[in-house]
Amino acid sequence: MAAYRRPESLAEALALLAEAPAPPLLLAGGTDLYPARAAAEAWGRMESRPVLDLSAIRETAGMSDAGDHTRIGARVTWAALREAPLPPWFDALRSAATRVGGAQVQNRATLVGNLCNASPAADGVPPLLALDAAIELASRRGTRRLPLGEFLAGNRRTALAPDEIATAVLVPHAAPGARAGFEKLGARSYLVISIVMAAAVIELAEGRIARARISVGACSPVALRLAGLETELRGMTVAEAPAVLRADHLAALSPIDDVRATASYRRQAAQVLLRRLLTRLAAPAIREAA
Amino acid sequence: MNAPPPRLPKLTVNGCDHAVAAPPDARLSTVLRDRLGLTGTKLGCDAGDCGACTVLVDGAQACACLVPLAQAEGVAVLTVEGLAALPMGMALQSAFQALGAAQCGYCTPGMLMAAMALLQAVPRPDEAQVMAALGGVLCRCTGYRKIIEAVMAAHRFLEAPAAVPPAAGAAVGSRMARADGWPKLDGTERYGADSAPADALWLRPIRSPHARARFTLGDMAPLVARHPGLHRVLTAADVPGRNGYGIYPDIKDQPVFAEGLVRYRGDMVCALVGEREALDAIRTDELPLTWEVLPPLADPLAALAEGAPPLHQRWLDNVLTTGRVVQGDAAAALAASAHVAEGAWQTSFVEHAYIEPEAGWAQRIGDRIEVHASTQAPYMDLEEVAGVLGLPHESVRIVPTACGGGFGGKLDVAVQPMLAIAAWLLRRPVRATWSRAESMASSTKRHPARITARAGCDAEGRLTALEFEGIYDTGAYASWGPTVAGRVPAHSTGPYRVPHVRSRARAVLTNHPPSGAFRGFGVPQAAIAQEALWDRLADAAGIDRLEFRHINALRAGDSTATGQVITHSAGLAACLEALRPRWTALRAEAATANAGGGPLRHGVGIACMWYGIGNTGMSNPSTMRVTLEPGGRPTFHNGAVDIGQGSTTVLLQIAADALGLPANAFALVLGDTDLTADAGKTSASRQTFVSGRAAMEAGLALRDAILLRANAGPEARLALADGVLMVDGRPLHLDTPLEGTGRFDPPTTPLDANGQGVPYATYGFAAQIAALAVDTELGIVHLQRIVAAHDVGRAINPLLVEGQIEGGIAQGIGLALMEEYLPGRTENLHDYLIPTIGDVPVIETILIEDPEPLGPYGAKGIGEPALVPTAPAIFSAIRDATGAEITRVPALPHRILEALPR
Ligand SMILES: Cc1cc2nc3c(=O)[nH]c(=O)nc-3n(C[C@H](O)[C@H](O)[C@H](O)COP(=O)(O)OP(=O)(O)OC[C@H]3O[C@@H](n4cnc5c(N)ncnc54)[C@H](O)[C@@H]3O)c2cc1C
Ligand code: FES
Ligand code: FES
């Protein structure tokens, strides 16, 4: 493959990828790739892989309602998500979209790039885990769908095969009237990588929680759903939900000490964020400010 | 797969089409700058973190450093150079100029472009909209408040008439816009990376990734042969003169290129010189470089331990310098005190994080060398370059480029010595720009300090004694370490009467980056300890914290711990009095807010500071010159570098009023060591006071010469009419040029072994209040307001003084709450956090003018004083809100949570 290609169709992109002698670098908005390049070059580690730029592929543009799910194409940026008239269960994702980087990053960075980069602190992951989103992967061999939790294999590791491209995120519809929210904690106001974040999607039936889906990010190699908490919340009223939360619901988290915070702080902050999130979602008809 | 036919990418920038011969994945930022010559777009990180490179791509703001050229094809790109053609763009620039929204100007193009994206959609935005739109652009100088103001006001400048410049004699005290302001707004200002000749080669340093290691370099010939564009590899053996530099004439301990041993991560091993593309392709692991990694001394306590290996043979105990102030008998006075408080504090490395990384270029002209670089100290650069080349001073010319922020970090040389060596040996212009990671790894930092202190007061709250012990991690080389160790004990009491003092600060060498000069030279760290003690003593004595400080404030006639009697201009009591009503009101508001309960606890804190202007007990003269050619304009030869703080404007205001002509009548000659006299370095808050006084003398001297020639009396009015000088309405025709020179060296005396003497001719004083809320469940601080009262002697330009105060406060906020440089771990601007536009609250500035008789028109300095009280005031407020004593700085959320009383 030439040093740089920017195909306009998926077929062409998949062909280039399949025929490339060595796996090229897949480029979307570049907001993870270019900084990584700068960091490596600063210490003399030059990147010499060819680049396959996915930003012109027709088939991956835009969002659409596909009947039982929403399809978010791989080219969709955070800014587009931020501005889109999406149903209320997207409020957590939309809130994340307003908090990723600054306007410059939101304008160019893609949601799918955020997922494929697979950072433990990726703001897109908790909201999508709480929506049971799947990722669509295409290759010349065909197309497959993986639940996001399976696609994300670890810190900066995914299940993407060398000949595959992620083409979309698929988000199943939630019950009408579902409530969703996102909390992000960072050490400054803008341009900040999360110390902890939490997302929740709550569906109600007859005034009680029919399904609660709750996730916490930046406290484990891949953000986690809190299954125990979700089960306990079923059948409660939203007003009762915050008091249900206990430390042992977060036992599966495995936070680490790093430059941003200590592990024990993360664990404690996660619980506080979750409690506040559940409290906020208990207030009726308040939609997450975008 | 068939290769597509070769085709040049096309770009549409500011309405013009360009075919660009650059790789399709090249960063748009480098294409704009290097291929199209549009250097108004600035680079600060190449990582999306600083936003200096913000341009509009298809109307939306984007970091040009993250946009591949190919993705910008076929869409309109707007850069700062295209702004003035749009009415709103021009209005925005005018608002920035009139309201002082640009200081060094390096972030300004990015700010303007981000603001433009907003204004195109929302012509009259509110504050929240401005913050959201500009949240992705960092500014290290302004504290953002004037930027917010300017963006909100931009629409008013669509039709506003141009501001009227101050008339003759009315410049001092006016809010005159920056004399050097416009080039910072239209993209024409030339910083270190903007002006090298087209044929310049590039220099790329190879630095140590290890904190302590021995290394050997093998034969470079195969590497050079493999890379045709690589012209030469420079090593220690190539240094023509002395392979060492350093701030002190007798301490040239930092090698240009290490000699087989590196002492910190970032130390220089060698440098590659050649064509840009060739250098960019060379991997470090291709070099014949072998390492023997040694265990580093990563902590000053380890370096002080018995048997620790010395960093340098010259300092076998790793103690670079010890500074001391002893007066009276502190131990006895403490024993006799009604109340005693004590504590231990630890602060972190703080990075200057000027948005402009170190950059410049050099060329050899015959047997002279010229270095053009971003600097705070041209004459010190001149000495260093002469030293490493083994040349006499006359053979070196330093031409400072515009400086995109310094804060002390550009007092040390960076690119200068190695560029000079390369250009000298290769006889070609050579340029260099550090990457952000390289800048952060290699440049000096604020000293991390470990402080233990004990203080007492009597039953009436009068301070009795202070014992202070500071261990300052000075890193691998001396840099400004001795200055810090000297300044700290002299300031350790803060601006208060403390009769008995025993104070010591030691600068200890470690395998860390060199700690150098950073706004305040160690004093901000000491102020954290001292102000925390005062809070505790005030509580113990049952006295309001503001009143406690008022009782103890140094006043004219008082004697300091160094035995100096302050005769004039001690405005601390006036600052506190000015703050008193705000203090009372804010405390009442906090009490009301707390009455409701909940996890958010409100608090109000206060802290004071003093700051000696100029060098500590050392001569630091400045010379200024004003000339008048027959038939010409007066020319102000000003060698003081304006690093954004505004000296070009302030000194002009002073010289203009002294001469008696309007400031806009002057031509300016700035910085160049061939054309201006030594004004000393831009540091220690000294330019307004020291160079200002010299500028005043120069203006007065020229005025005297004119009046003598015109045979006019001292009250005569000067004017320029069509290039002719008028004295009292009569033309004065000159046949020879006239000149006025002014020199000022503030009167000080060296400190003796007990730190007694007159270290500074004058001091700035200030008090600040911080009002905030602490989220006691998350350890997050929400700053609500800072009220700052500063005694500046005389505000030569209140607009610029406010800008210094707001910028200093922003840095103080960073120091207090988020900034922690960890070598190898926070070498970028996303792991190392500085305040963004959303992190600086409303700032109220109160200027106190207690004139300093030695200063020009009564002025003192403001650069550093602005930062010193902020962090202690914030910690005072956190304690007020929650009872948490902050002893580990920065107060990151997890540290605050740990400090909360349980
Ligand atoms: C200043 C700044 C601030 C930031 N702040 C945040 C933040 O607050 N929160 C946060 O979560 N992130 C943040 N980021 C990271 C980044 O912006 C996001 O992860 C972004 O969503 C990545 O998208 P992109 O399109 O730019 O990806 P790219 O950089 O183009 O790619 C990212 C990775 O995904 C792969 N990839 C991209 N698209 C595909 C595809 N279709 N198929 C397969 N692989 C693909 C790439 O190969 C690469 O490995 C920030 C980045 C910057 C520069
Ligand atoms: S240079 Fe592009 S964001 Fe810093
Ligand atoms: S003016 Fe903003 S960085 Fe200097």
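The values are calculated or read from the model by the stated rules, or taken from the named source; none is laboratory data. Predicted model only: the values in this text are computed from it and were never measured. Every residue, glycine among them, receives a Cβ derived from its backbone with ideal geometry; neighbour counts consider all protein chains shown. The accessibility values were calculated without ligands, DNA or RNA, using every heavy atom of the protein model including side chains. Shrake-Rupley method; radii C 1.70, N 1.55, O 1.52, S 1.80 Å.
Data table
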read-out	value
Buried accessible area, chains A and B (both chains, 1.4 Å probe, Å² to nearest 100)	4600
From phi via Karplus (6.51, -1.76, 1.60), per-residue ³J(HN,Hα) for region A:142-154 in Hz, x at Gly/Pro	x, 10, 9, 10, 10, x, 3, x, 7, 4, 7, 9, x
Computed E for B:Leu900/A:Thr231 - FRET, C-beta separation, R0 30 angstrom, nearest 0.05	0.35
Solvent-accessible ranking of A:Ser254, B:Ser647, largest area first, probe 1.4 Å	A:Ser254, B:Ser647
Nitroxide proxy distance, nm - points 7 Å out along Cα→Cβ at B:Lys10 and B:Asn754	8.2
In nm, spacing of pseudo-spin labels at B:Ala21 and A:Glu8 (7 Å Cα→C-beta vector)	2.7
Antiparallel bridges, percent of DSSP beta bridges restricted to the protein assembly as shown (to nearest 5)	80
Gyration tensor (alpha-carbon) shape descriptor, region A:156-228, a/c threshold 1.5	oblate
Mean accessible surface per residue for chain B, computed with a 1.4 Å probe while every protein chain stays in place, in Å²	31
Gain upon complete extension [B:Leu294, B:Thr592; 0.36 nm per residue less C-alpha separation]	101.5 nm
Antiparallel DSSP beta bridges within chain B, percent to nearest 5	75
Share of carbon and sulfur in the accessible heavy-atom surface of region B:622-744 [1.4 Å probe, %]	51
Region B:742-751 - phi-based ³J(HN,Hα) in whole Hz, Karplus 6.51/-1.76/1.60, Gly and Pro as x	x, 9, 9, 10, x, x, 9, 10, x, 7
Net length gained if the chain between B:Arg276 and B:Arg825 were fully extended (0.36 nm per residue, minus Cα distance)	194.8 nm
Virtual spin-label span in nm between B:Ala585 and B:Asp329, 7 Å along Cα→Cβ	4.9
Relative frequency of Cα-Cα separations exceeding 36 Å in chain B, percent	49
Heavy-atom accessible area, 1.4 Å probe, ligands and nucleic acids excluded: residues of region B:777-811 down by at least 20 Å² from chain alone	B:Glu777, B:Leu778, B:Ile780
Solvent exposure ordering (accessible area, 1.4 Å, most first) of A:Glu41, B:Glu277	B:Glu277, A:Glu41
Cα lying deepest toward the dipole's positive end in region A:147-197, options A:Met197, A:Ala175, A:Ala161, charges on Cβ	A:Met197
Projected area, mean over directions - chain A, Cα convex hull, nm²	15.1
Exposure ranking of B:Phe744, B:Phe157 by accessible area [1.4 Å probe, largest first]	B:Phe157, B:Phe744
Chymotrypsin sites (Phe, Trp or Tyr not before Pro) restricted to DSSP loop in region B:496-542 with at most 13 other C-beta within 10 Å	none
Top positive-direction residue, dipole computed over chain B with Cβ charges, set B:Phe407, B:Pro310, B:Thr776	B:Pro310
Amide proton proximity set for B:Gly135, modelled H, under 5 Å, gap of 5+	A:Ala103
Length released on extending from B:Thr452 to B:Leu316, taking residue separation times 0.36 nm less the Cα-Cα span	46.5 nm
Among beta bridges that DSSP assigns inside region B:622-744, antiparallel share in %, nearest 5	80
Magnitude of the charge dipole, region B:1-188, Cβ model with Lys/Arg +1 and Asp/Glu -1, debye to 20	320
Amide H partners (placed H, <5 Å) of B:Tyr477, local residues excluded	B:Ser515
Average Cα contact separation per residue, chain A, under 8 Å, 6 or more apart, as relative contact order %	16
Electrostatic dipole magnitude of chain B [Cβ: Lys, Arg +1; Asp, Glu -1; Cα centre; debye, to 20]	180
Sites B:Leu261 and B:Asp558, calculated FRET efficiency, Cβ-Cβ separation with R0 51 Å, nearest 0.05	0.55
Summed residue charge, Cβ within 11 Å of B:Ala213's Cβ, Lys/Arg positive, Asp/Glu negative	+2
Modelled FRET efficiency - R0 56 Å, B:Val122 with B:Thr216, Cβ distances, 0.05 increments	0.35
Packing-based order for B:166-174, B:498-506, using average beta carbon neighbours within 10 Å, highest first	B:498-506, B:166-174
Top positive-direction residue, dipole computed over region A:179-282 with Cβ charges, set A:Ala218, A:Leu233, A:Ser254	A:Ala218
For region B:660-674, Karplus couplings with θ = phi - 60° (6.51, -1.76, 1.60), whole Hz, Gly/Pro x	x, 10, x, 4, 6, 7, 8, 8, 10, 10, 10, x, 3, 5, 7
Under 5 Å, built H, 5+ apart or other chain: amide partners of B:Gly883	none
Whole-Å distance, taken between Cα centres, linking region B:807-856 and region B:365-385	30
Distance from region A:1-46 to region A:66-142 (C-alpha centre basis), Å	21
Cα-Cα over 21 Å, subset of B:Lys42/B:Lys184; B:Lys146/B:Lys445; B:Lys681/B:Lys860; B:Lys42/B:Lys681; A:Lys184/B:Lys42; B:Lys146/B:Lys410	B:Lys146/B:Lys445; B:Lys42/B:Lys681; A:Lys184/B:Lys42; B:Lys146/B:Lys410
Inter-chain shielding of B:829-838 (mean C-beta neighbours from other protein chains, 10 Å cut-off)	4
Cα pair count fraction exceeding 41 Å, expressed as % - the protein assembly as shown	46
Inter-chain Cβ neighbour average for residues A:180-191, partner chain, 10 Å	6
